[in-house]
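These notes concern the structure reproduced below.
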Amino acid sequence: MEKAQLVVGVIRGTHGFSGECKVESTSGYYEHLLDLKEVTLQQGDIKREIKVESVSLGNNIAYVKFEGINSDTEILKYNRFEILVPRKYCKPLKKDEWYIEDLRNCSLIYDGNNDPATLIAPGKGESRVLGKITDVLEGGAGYLLEVSLSDSCDRKVLVPFNKEFIGKVDIKNGTVQLMHLWILE
């Protein structure tokens, strides 16, 4: 299996008595799970590579049977495990969509060009790194970027991941543009 893997689902319990389990998709989409052949089950430091015997879809759930797991008792050992797969088996991205894993470790940058409240706006192309994105968390109204600020060795802030606060996302160069500095206060 490839080293760079992304989480596509989480095991959410048993389905029947033959080792089949319920899987919740982390993207909310399920059709791409039908193509799974081999996955990595992971929880913390525990990892197990395993072949997929079958996948069927229900209403906002997938039913997955793994090779060699043949009872509800056996599959319960993997309840809440994440299912990781190579990127090619993940849900295809649309415009302005990114995988959470790709956002992690990106630099949060600011150039002042789009912030009317900024007193000192560096010239176009000049940007400063404010910190590193360490995680992406689910919030009540959407996703939040957890940012470890460069000016402090232990200060982290949460920035709403929406168009009012985030500008250009450039995964190739590892940068995410912050639109307003005041959000870090």
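The values are calculated or read from the model by the stated rules, or taken from the named source; none is laboratory data. Predicted model only: the values in this text are computed from it and were never measured. Note that we place each Cβ from the backbone using ideal geometry, even for glycine, and neighbour counts take in every protein chain shown. Heavy atoms of the whole protein, side chains included, go into the accessibility calculation; ligands, DNA and RNA do not. Shrake-Rupley method; radii C 1.70, N 1.55, O 1.52, S 1.80 Å.
In this structure the amide hydrogen of Thr26, modeled in the peptide plane, comes within under 5 Å of the amide hydrogens of Gly9, Val10, none closer than 5 places in sequence on its chain. For the residues Leu33, Leu158, a 1.4 Å probe over the protein chains yields an accessible-area ranking, largest first, of Leu158, Leu33.
Length available on full extension from Glu185 to Glu24: 0.36 nm per residue minus the Cα-Cα distance, which gives 54.3 nm. Gain on full extension, evaluated as 0.36 nm per residue between Asn60 and Leu137 minus their Cα-Cα distance, stands at 25.6 nm.
Only helices enter this figure: runs of n ≥ 4 DSSP H residues, each worth -39500 (n - 2.57), summed and divided by the residues of the chain, yield -1000 deg cm²/dmol at 222 nm to the nearest 500. What the Cβ-Cβ distance of Ser71 and Glu126 gives, at R0 = 45 Å and to the nearest 0.05, is a FRET efficiency of 0.15. Counting only protein heavy atoms and a 1.4 Å probe, the chain has 61 square angstrom of accessible area per residue.
Kirkwood-based Rg over Rh for region 4-134 (C-alpha set), two decimals? Walk me through the numbers on the way to the answer.
Values: Rg = 20.2 Å, Rh = 17.0 Å.
For region 4-134, the value is 1.18.
Among the protein heavy atoms of the chain, carbon and sulfur supply 49% of the accessible surface, probe 1.4 Å, non-protein parts ignored. When the chain is treated as a GNM with alpha-carbon contacts under 10 Å, the residue of Gly142, Gly19, Gly28 showing the greatest mean-square fluctuation is Gly142. Taking Asp35, Asp45 and ordering them by how much accessible surface each has at a 1.4 Å probe, largest first, produces Asp45, Asp35.
Rolled with a 1.4 Å probe across the full set of protein chains, the surface gives Tyr89 an accessible area near 70 Å².
A Gaussian network model of the chain, with springs between Cα atoms under 10 Å, assigns the largest mean-square fluctuation among Gly13, Gly174, Gly140 to Gly140.
Note on Trp182: accessible area is roughly 130 Å² with a 1.4 Å probe, heavy atoms of protein only. Between rounded, prolate and oblate, where does region 43-96 land on the alpha carbon gyration tensor, with a ≥ b ≥ c its root eigenvalues, rounded for a/c under 1.5, else prolate if a/b exceeds b/c? Verdict is prolate for region 43-96.
Net length available on complete extension from Arg80 to Ile50 is 9.2 nm, with 0.36 nm assigned per residue and the Cα-Cα distance removed.
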